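One structure below.
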Amino acid sequence: MPHPLRSSAPAARLPAFVLAAALALLTATLAPAPLLAAPGKGPDTVADVAERVMDAVVNISTSQNVAASRSVPQPQLPPGSPFEDFFDEFFKRRQDDGGEQRSRRVSSLGSGFVIDPSGLIVTNNHVIADADEIFANFNDGSKLKAELIGRDTKTDLALLRVKPDKPLVAVKFGDSEKLRVGDWVMAIGNPFGLGGTLTVGVVSARNRDINSGPYDNFIQTDAAINRGNSGGPLFNMDGEVIGINTAIISPSGGSIGIGFAVPAATAKPVIAQLGEFKEVRRGWIGVRIQPVTDDIAESLGLGKPRGALIGVVSENSPAARGGIKAGDVIVKFNGRDIKEVRDLTRTVADAMADTDVEVVVVRKGKEETLHLKVARMPEDDKPETPKPASDSQKVAPKKALGIELSAMSDELRKRYSIKSEINGVVITGVDASTPASDKGLKAGQVIVQVGQEAVASPSDVEKQVDALRKQGKRSALLLVSDGEGKQEFVTIPLN
């Protein structure tokens, strides 16, 4: 049921002469402004654009059967009550007769839009998830049953098909990469089940990560988006779809001017693959990555943080076959600059399987160009830990950078549950008052590399630390693994 948007506080009343004076002052101050076509002024009207695209926006209604309890709670009786046996028998008989569970029909509403006159409709996956029946309700009052072609949970998109008697009004995707903060946009959807509703606002921000999935790069807008707008289009002023309205931040469920849309640049390849394969076939190269921090950038000679740091390369993966190594920083992939971790995640996913790509990495301060063939992302992208080439040698425990170090041994593997394929130098203790402790290093972890050089003994660690100091480095870059093989880079100050 729709909730009226009203204030709980009573409206304050002003004397008539105060209102008249205020109105006269406001009129005198602002009278010339509407006559000027000043730069930055909002659109005078969006009626022409709205008229052109409104019929392509549909309301999505779904229904499903869910189990519903029809039982009456059993009364709590004191032990030994003369009614205890009677009520126990009564409620047991109701349960045996199947009276506990009944099914009921529930409905939900969302939005969508037609992208092909033959009947292809885009919406959010969460709008149609678990639905038994899906219907598209059009602006002219007609209603068609929809078939689910495919869905993608990672971007929350779905593609539907209806079978119309005549071609439908359709809209096209625009170029969301050209959007700028401050550009005017228009949202059309079905808020609170009211039917087709249009709101206008601006692009508030781009490339927002709201932790909803691995490919987050949402457009943020202040155009009013409410419950029921999900799956509806976000238009530019040319009537092109530049986003799919998906989420809002709101303590009440109503719009507070913070809405998010999946960019058209993300949606287009997903929708194309759903139409062709009924699923999304993402690219995969077999690496684990982490952000490049200021300390890591300094340690690697990058100058400023950029790119995506490779922590793990899966054995026999496209990355391994292409020559990518742990410690490399990917700064360009398939012609696209990689400024941060999410850029690489999305760029690799967008690449088609069996595509040959060029990858630019920074390795030991120098750029190198590598070539590899992208594979299809497996269902469970869980790369194996690469196997080091040589065995460790046993030496007495030593200390470096406030870390107690020991050579790998069977006893340490057993004590810390370190897998057999993990080799390096075992951390057996960390001084609490040192940066190593602040960085989260702890006993049981394994130092695999120092300064992008493999280490097999505590002496190797000491030598590498001394070499870094002589090079004038302010911090040491350590590749550290846990007992399961999960690796990450950590920087420790050398002073």
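Listed by chain and number, the lysines placed with their C-alpha closer than 23 angstrom to that of Lys470 are Lys304, Lys364, Lys366, Lys398, Lys399; residues fewer than eight positions away on the same chain are left out.
With r as the distance between the Cβ atoms of Asp466 and Lys414 and R0 = 35 Å, compute the FRET efficiency 1/(1 + (r/R0)^6) and round to 0.05.
In this case the efficiency is close to 0.65.
Figure note: Met352, Met186 ranked by solvent-accessible area, largest first, 1.4 Å probe, ligands and nucleic acids not counted: Met352, Met186. Counting only protein heavy atoms, what percent of the accessible surface of region 122-180 is carbon or sulfur at a 1.4 Å probe? Ligands and nucleic acids excluded, carbon and sulfur give 45 percent. The label point for Lys163 and the one for Ile256, both projected 7 Å from the Cα toward the Cβ, are 4.7 nm apart. Can you compute the FRET efficiency between Ala443 and Thr293 using 1/(1 + (r/R0)^6), with r the Cβ-Cβ distance and R0 = 41 Å? Round to the nearest 0.05. So, using R0 = 41 Å, E works out to roughly 0.95. Within a straight-line Cα-Cα reach of under 27 Å, Lys145 can be paired with the following lysines, leaving aside sequence neighbours fewer than 8 residues apart in one chain: Lys154, Lys163, Lys166, Lys172, Lys268, Lys278. The phi torsions of region 426-434, fed into the Karplus equation with coefficients 6.51, -1.76 and 1.60 and a -60° offset, translate into couplings of 7, 7, 10, x, 9, 5, 5, 9, 10 Hz, rounded to whole numbers, with Gly and Pro shown as x. Note on Leu300: accessible area is roughly 10 Å² with a 1.4 Å probe, heavy atoms of protein only.
Treating r as the C-beta distance of Ser63 and Ser433 and R0 as 60 Å, the FRET efficiency rounds to 0.45. Model label points for Met237 and Asp140, set 7 angstrom from Cα along the Cα-to-Cβ axis, are 3.1 nm apart. Residues whose amide H comes within less than 5 Å of that of Lys399, counting only those at least five positions distant or on another chain, are Leu405 (H built at 1.01 Å from N in the peptide plane).
The values are calculated or read from the model by the stated rules, or taken from the named source; none is laboratory data. Since this is a predicted model, take the numbers as computed values, not measurements. We place every Cβ from the backbone using ideal geometry, glycine too, and count neighbours over all the protein chains shown. Note: accessible area is taken over every heavy atom of the protein model, side chains too, but ligands, DNA and RNA are not part of it. Shrake-Rupley method; radii C 1.70, N 1.55, O 1.52, S 1.80 Å.
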